[in-house]
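Bear in mind that the values in this text are calculations on the coordinates, not laboratory data. The structure displayed is predicted, hence computed values, not measured ones. Positions of Cβ are backbone-derived with ideal geometry, glycine not excepted, and every protein chain shown enters the neighbour counts.
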């Protein structure tokens with residue numbers, strides 16, 4: 001039966017008529033973006049055919065077919081007048097149910113599994129029971145698949161889109177372990193930066209408030225807490241986890257969850273060697289290690305890094321949220337939607353002025369439509385100045401929550417703090433250096449919808465949870481470095497929120513007409529091509545002999561192979577060198593040590 005369904009789905013997937021229908025939907029969607037009162041004109045036959053295609057595709061076992069089915073219903077959903085048709089409404093509910101995308105069904109407006117259609121109602125009831133998570137929220141089918149793997153494996157690595165809900169799965173698994181193992185395990189979460197410690201700790205405290213668990217952020221457990229009964233959940237950066245391991249009197253950790261594992265792939269980040277070292281120490285202590293990462297096509301690579309079997313891994317390719325991709329060039333007034341089903345769909349001239357802030361206002365007013373939006377800037381300076389200058393064009397808002405936050409800023413920072421002025425205008429900015437209490441409150445107001453537009457740096461790539469309907473990406477860089485595919489799609493993936501949207505909108509914007517700010521049309525390839533190539537951490541790459549040669553040179557105090565290495569590059573070499581010596585001294589199994597020896601640069605006895 002499945003083979004027959006897949007055969008029919010494959011025919012539908014390449015059907016020229018369907019491709020034309022989807023392209024027509026996209027063109028109408030572009031008109032809707034420009035005019036919220038725009039009404040789509042589809043014949044009854046076209047409506048029925050679209051829903052029939054979606055129904056066929058959602059039953060397929062192939063990921064690309066399921067994604068196309070979601071694409072169809074996400075575009076239809078944008079036209080509220082279509083949802084007034086009961087057939088279309090029920091068809092979308094049926095498709096989302098077959099896809100196992102339960103968090104999105106509530107968007108359609110259904111209560112108590114009562115659609116009046118027996119097949120749909122029965123599917124809903126069965127799947128809602130079967131897919132219920134330990135924290136009572138409903139898993140998508142793909143989330144349930146991952147959760148079942150975590151239950152049955154001592155280690156596992158998975159990847160999914162930014163909107164997939166990776167942290168939700170770890171939280172559900174944490175509660176499962178607590179209840180299934182009668183609160184007998186100590187659990188640790190490793191996060192890439194200190195900025196994430198409070199965010200993750202807050203969620204975990206809410207999760208375990210009815211249990212005798214203590215949530216600890218410091219590698220030194222306070223004596224007063226040590227004397228109490230109960231187990232621990234630790235939220236550590238790599239540095240803190242290493243410090244925790246070095247104290248042999250600390251309690252054993254049973255499970256380690258590594259969210260944002262893609263940080264292990266970074267070549268330029270000086271935190272990467274420490275994260276690797278922390279994981280090797282965890283493996284040496286026989287801790288069960290589980291990895292989650294965004295968009296990585298080969299999540300098994302993280303298991304290889306700690307000498308675990310790479311078979312226990314899974315890359316989720318089924319989309320939870322569809323995404324619309326746009327490019328806006330303010331300097332040529334040439335803007336379009338990228339389509340996979342026809343030529344780029346051009347927008348009419350938007351009459352840009354040549355003034356950066358005025359043009360930014362045109363873009364946000366035209367495309368955000370009052371929905372929550374993120375504006376990405378690549379540096380802190382650009383973030384603050386762009387937000388501040390844009391705020392100057394807005395009127396003041398009256399909101400009690402904003403007033404309370406402004407009072408805190410006046411009391412604890414300075415009354416001239418730029419953020420205070422932006423908040424008065426109903427917008428905000430966000431980056432790592434903002435005082436923690438203020439940053440948390442900004443995030444809360446944004447999630448509540450009090451703040452609609454937030455200007456951000458790459459803190460979003462560190463796992464800070466600020467999804468939105470729209471994201472406007474003003475630069476192809478992080479700081480002064482080009483974004484790689486993984487980072488770009490991790491950032492762009494903030495557009496569209498599971499349970500809030502069926503689709504998100506990604507806008508790459510040439511606002512400044514400067515190098516590094518989308519002024520080179522060839523850079524748009526990263527937006528057009530959604531495929532992400534397989535990649536590996538530097539210590540696993542075949543073409544990295546210079547790394548091991550330079551580690552040997554570090555030991556022997558010889559010159560590095562490249563005299564133009566940056567200070568960060570030198571620091572990374574030295575960190576790997578020191579880690580390698582430690583692994584050798586304690587006789588630890590280590591991929592780093594094995595690869596160093598295999599490279600023919602064995603200076604460990606020097």
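Side notes on the structure shown:
- Structure-based [θ]222 nm, the chain - -39500 (n - 2.57) summed over DSSP H runs of at least 4, per residue, nearest 500: -13500 deg cm²/dmol
- Computed lengthening from residue 181 to residue 562, 0.36 nm per intervening residue step minus Cα-Cα distance: 131.9 nm
- Cβ-derived FRET efficiency at R0 22 Å, residue 194 paired with residue 410, nearest 0.05: 0.30
- Protection proxy ranking of 543-553, 578-588 - average other beta-carbon atoms within 10 Å, highest first: 543-553, 578-588
- Extending 7 Å from Cα along the Cβ direction at residue 465 and again at residue 34 yields two label points whose distance is 3.8 nm.
- Put simply, region 333-465 fits an ellipsoid with semi-axes of 29, 16, 14 Å; these come from the alpha carbon gyration tensor as the roots of five times its eigenvalues, largest first.
- Summarising the label geometry, the points placed 7 Å from Cα in the beta-carbon direction at residue 225 and residue 285 lie 1.5 nm from one another.
- Length gained when the stretch residue 589-residue 15 is fully extended (0.36 nm per residue, less Cα-Cα span): 201.3 nm
- Region 544-599 has equivalent-ellipsoid semi-axes of 20, 11, 9 Å, by the square roots of 5 times the alpha carbon gyration tensor eigenvalues, sorted largest first.
- Helix 436-448 and the longest principal axis of the C-alpha atoms of the chain enclose an angle of approximately 20°.
- Compared with the dominant Cα axis of the chain, that is its longest principal axis, helix 567-585 is turned about 50°.
- Cα shape, region 4-131, gyration tensor, a/c 1.5 rule: oblate
- Per principal axis, descending, Cα span of region 69-173 in whole Å: 49, 27, 19
- Of (i) 78, 59, 51; (ii) 72, 65, 47; (iii) 142, 94, 38, the label for Cα extents along the principal axes in Å derived from the coordinates: (i)
- By average C-beta atoms within 10 angstrom, highest first, the peptides 14-20, 68-74, 425-431: 68-74, 425-431, 14-20
- Between the beta carbons of residue 393 and residue 48, assuming R0 = 45 Å, the FRET efficiency works out to 0.45 to the nearest 0.05.
- Förster radius 51 Å - calculated FRET efficiency between residue 7 and residue 598, Cβ distance, rounded to 0.05: 0.60
- Among 181-191, 346-356, 207-217, the order from most to least packed when residues are scored by Cβ within 10 Å on average: 181-191, 207-217, 346-356
- Tilt relative to the chain, helix 400-412 - C-alpha long axis, 0 to 90 degrees, to 10: 30 degrees
- The value of relative contact order for region 4-131, using C-alpha pairs under 8 Å at least six residues apart, is 22 percent.
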